[in-house]
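Here, each number is a calculation from the coordinates, and none is a lab measurement. The structure presented is a predicted model; accordingly, all values stated were derived computationally and were not measured. Using ideal geometry, Cβ is built from the backbone for each residue, glycine included, and neighbour counts are taken over all protein chains shown.
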Amino acid sequence: AMFVGAAMGTFPELYANVQKAIGASERVMEILNEKNEAISIVASENQTKKIITGELAFKDVVFAYPSRKEITVLKGLSFEARAGEKVAIVGPSGAGKSTIASLILRFYEAQEGELLFDGKPAGEYALTDIRNQVAIVPQDVILFGGTIKENIGYGKIGASDEEIIAAAEKANAHNFVTALPEGYDTLVGERGIKLSGGQRQRIAIARALLKDPAILILDEATSSLDSESERLVQEALEILMRDRTSIIIAHRLSTIREADKIVVLEKGMVIESGTHDELLKNEEGLYRYLSQLQFEA
Ligand code: ATP
């Protein structure tokens with residue numbers, strides 16, 4: 001990552017810009033992370049604690065981006081996801097949904113409050129151990145130059161072909177991959193063939209399945225796929241989310257009805273939380289209002 005000089009700003013900002021501009025692949029993030037760790041967070045190399053259950057909690061978190069200190073993005077945010085729960089974060093644009101994902105991945109440190117993994121402060125874990133146990137499926141998946149096998153295998157160092165294929169099968173990717181002339185050895189990325197958005201998502205899901213993290217962050221796609229592709233992606237996501245803590249950054253309300261908990265965010269604060277049915281009962285609630293808007297649209 002030498003191509004990025006210090007003059008271009010901090011890595012977290014760069015990361016955010018890259019992600020905003022092109023959508024970030026996990027690979028891009030990992031590369032950026034290497035430097036980011038040295039800059040924004042005092043790496044805790046001696047920590048040996050591992051995330052096991054995947055329980056996650058924000059406690060009174062106050063956060064402003066280092067480059068825009070005058071704007072407090074999260075204003076005392078608290079919520080928790082119990083081990084294996086599916087928690088959807090919804091709210092208007094700019095409410096701070098993506099910021100929550102960046103804090104879980106430890107791209108930034110909160111100014112006040114605490115982020116807890118398995119009930120212990122995030123600072124008690126080494127960054128590498130956190131990132132080994134947190135996977136993200138971004139909105140727009142960008143594959144890196146290389147073969148499909150490499151793109152999936154990146155989820156787990158030393159994965160065997162059998163493991164890669166098993167992950168691809170669960171992710172509904174195996175059939176389209178084997179239909180390509182070179183199968184798993186097909187080159188993708190800039191110099192390779194162009195896969196559809198839904199196919200790229202299924203590759204990213206296969207990669208995350210192979211990684212088998214305790215915590216999954218799903219940044220739901222805003223642009224809709226055709227219905228067949230949508231169904232295949234949705235099915236694969238359900239398998240991926242099963243039995244692991246999943247934080248769903250929801251841009252459409254339709255997909256989150258089944259969440260164990262919906263956290264409604266407005267201006268960096270939780271204003272409501274509950275299940276879909278519970279939230280709909282609140283006649284004055286933002287969730288009910290947003291649902292009605294989407295329904296009408
Ligand atoms: P959307 O639904 O539009 O994606 P969001 O709820 O995910 O919105 P965030 O992206 O978390 O919202 O942004 C919350 C606030 O933080 C916004 O005011 C945004 O302008 C600001 N912000 C986001 N990223 C950065 C950054 N890298 N540097 C400075 N400010 C940022």
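Positive-end ranking of Asn282, Met269, His251 along the dipole of the range 239-297, with charges on Cβ about the Cα centre, is headed by His251. For Leu187, the residues whose modelled amide H falls within less than 5 Å of its own, excluding neighbours fewer than 5 places apart on the same chain, are Ile193. When each of the peptides 131-139, 269-277 is scored by the mean number of other C-beta atoms lying within 10 Å of its residues, the order from highest to lowest reads 131-139, 269-277. Model label sites at Ile157 and Thr186, defined 7 Å from Cα along the beta-carbon direction, differ in position by 3.0 nm. If the Kirkwood radius is taken over C-alpha pairs of the range 81-134, then at 20 °C and 1.002 mPa s the Stokes-Einstein diffusion coefficient equals 172 µm²/s.
Evaluated at q = 0.15, 0.20 Å⁻¹, a Debye calculation over the C-alpha positions of the range 96-195 (equal weights, vacuum) places log10 I(q)/I(0) at -0.76, -1.02.
Could you compute the FRET efficiency for Ser227 and Glu284, with r as their C-beta to C-beta distance and R0 at 30 Å, rounded to 0.05? Taking R0 as 30 Å, the efficiency between Ser227 and Glu284 is 0.30.
Pairs spanning more than 31 Å between alpha-carbon atoms, out of Lys75/Lys261; Lys194/Lys261; Lys149/Lys267; Lys49/Lys86; Lys75/Lys149; Lys49/Lys267: Lys194/Lys261; Lys149/Lys267; Lys75/Lys149; Lys49/Lys267.
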